[in-house]
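The values are calculated or read from the model by the stated rules, or taken from the named source; none is laboratory data. Because the structure is a prediction, the values reported are computed rather than measured. Using ideal geometry, Cβ is built from the backbone for each residue, glycine included, and neighbour counts are taken over all protein chains shown. Side chains are part of the model used for accessible areas, which takes the heavy atoms of the whole protein and leaves out ligands, DNA and RNA. Shrake-Rupley method; radii C 1.70, N 1.55, O 1.52, S 1.80 Å.
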Amino acid sequence: MMSPLSSLLCWRKSHALFSLFACGLGILCLESVSLSVKARPNPITSYTRLWAEWDVVPNTQWAPRSIDPSASQDRSVQIFKLQPVVPFRINDDWTVLTRTIFRFVSLPQADPVLGVSPAGLPAVLGFDQKNQAGLSDVSPTAFLVPNLGSDWTVGLGSSIVFPTGDGTVDSGKVSAGPAFLAFYHRGPWIVGARMRNIWSFAGDPERDDVNTLVVRGLLRYQLNRSWYLISSPIIASDWTQPEGKGWIVPVGGGLGYSFRLGGQPMQVSLEGYYNAVKPQFAGEELLGDWTIRTQWQVLFPVSYTHLTLPTNRE
């Protein structure tokens, strides 16, 4: 018969063996979790996008009535943006996410109609209104993004803006500044924003200086495999304007649809935004009340990911 002391020693020995086994199992589990996290890279940086976007602002007035007394809200602003988004992985922990925006714009302008006044003096008799179109500023942005898993995307970087030399639809200035993005994406929800503030430091000295903040928010809810709700307003402020006069704050959203065409993942959306706050020029709000936006994205999974392709992660 085993003595109490022998039983105690035997129990301690078996308990020690069990503890060692449990500890080893725990380490294996932790390593498995770690490998699982590493095997699920950030979904925003896991594929390349070819992104096209078209914004139309109808009922826009080309100039203040102090310049053209006959000016009315009968024109439109159109902005077409082609913006490839390309990630470059540095290693398992860091990725550089790049976005370059090419803007093709159509802005309402006018040429003065010169003539002779009733008094027989040279005068401006009116304005020949038209839309001036062309390639506007080109702005590449790069973000350094750490791999924080599949739920978070946080990146810090910089943005630079180059004028195209058009002289009519570009800023005429070279500008640069910091950029930041943060997104939370889990389940059907994606919430976040990207932002930048740029200052001009070179370019045409006769053109206005640039000091602009741009914040593009994103609120998205996936209804099912194909359909989603989206709100992605572009909030901007021109800090060179008097206090409170340079802001634009749209409010709204729309509906999007994800699909495949010939096996190629794509998504489209149609959105509408009410411009609740608009910039003022000479005491007048020239911009129209509404912005209509259409988006089209083509998605290309990058080779190093092990994720199934999500319907949208931006």
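Checking each residue in segment 267-281 for being part of a strand (DSSP E or B) and modelled with pLDDT under 95 picks out only Phe281.
Which residue out of Thr60, Thr98, Thr153 is surrounded by fewer than 17 Cβ atoms within 10 Å (Cβ to Cβ) and touching a residue at least 40 places away in the same chain (Cβ under 8 Å)?
Working: Thr60 fails: surrounded by fewer than 17 Cβ atoms within 10 Å (Cβ to Cβ); Thr153 fails: surrounded by fewer than 17 Cβ atoms within 10 Å (Cβ to Cβ).
Answer to the selection: Thr98.
Within segment 60-103, take every residue that is at pLDDT 95 or above and of a type in the set (Phe, Trp, Tyr) and give me the one that is farthest from Leu148 (Cα to Cα). That would be Phe80.
Of all the numbered requirements in (1) within 30 Å of Phe201 (Cα to Cα); (2) outside any strand (DSSP E or B); (3) open to solvent by 40 Å² or more (accessible area, probe 1.4 Å), Val169 misses one, and that requirement is (3).
When Gly256 is tested against the conditions (1) assigned to a strand (DSSP E or B); (2) open to solvent by 60 Å² or more (accessible area, probe 1.4 Å), the lone failure is (2). Just one residue in the set Asp68, Asp55 is part of a loop (DSSP other than H, G, I, E, B), of a type outside the set (Ser, Thr, Tyr) and surrounded by 15 or more Cβ atoms within 10 Å (Cβ to Cβ); that residue is Asp68. Assessment of segment 132-147 against the conditions (under 28 Å from the mean Cα position of the chain (by Cα), touching a residue at least 60 places away in the same chain (Cβ under 8 Å) and either over 22 Å from Gly288 (Cβ atoms) or open to solvent by 20 Å² or more (accessible area, probe 1.4 Å) (or both)) yields at least one matching residue.
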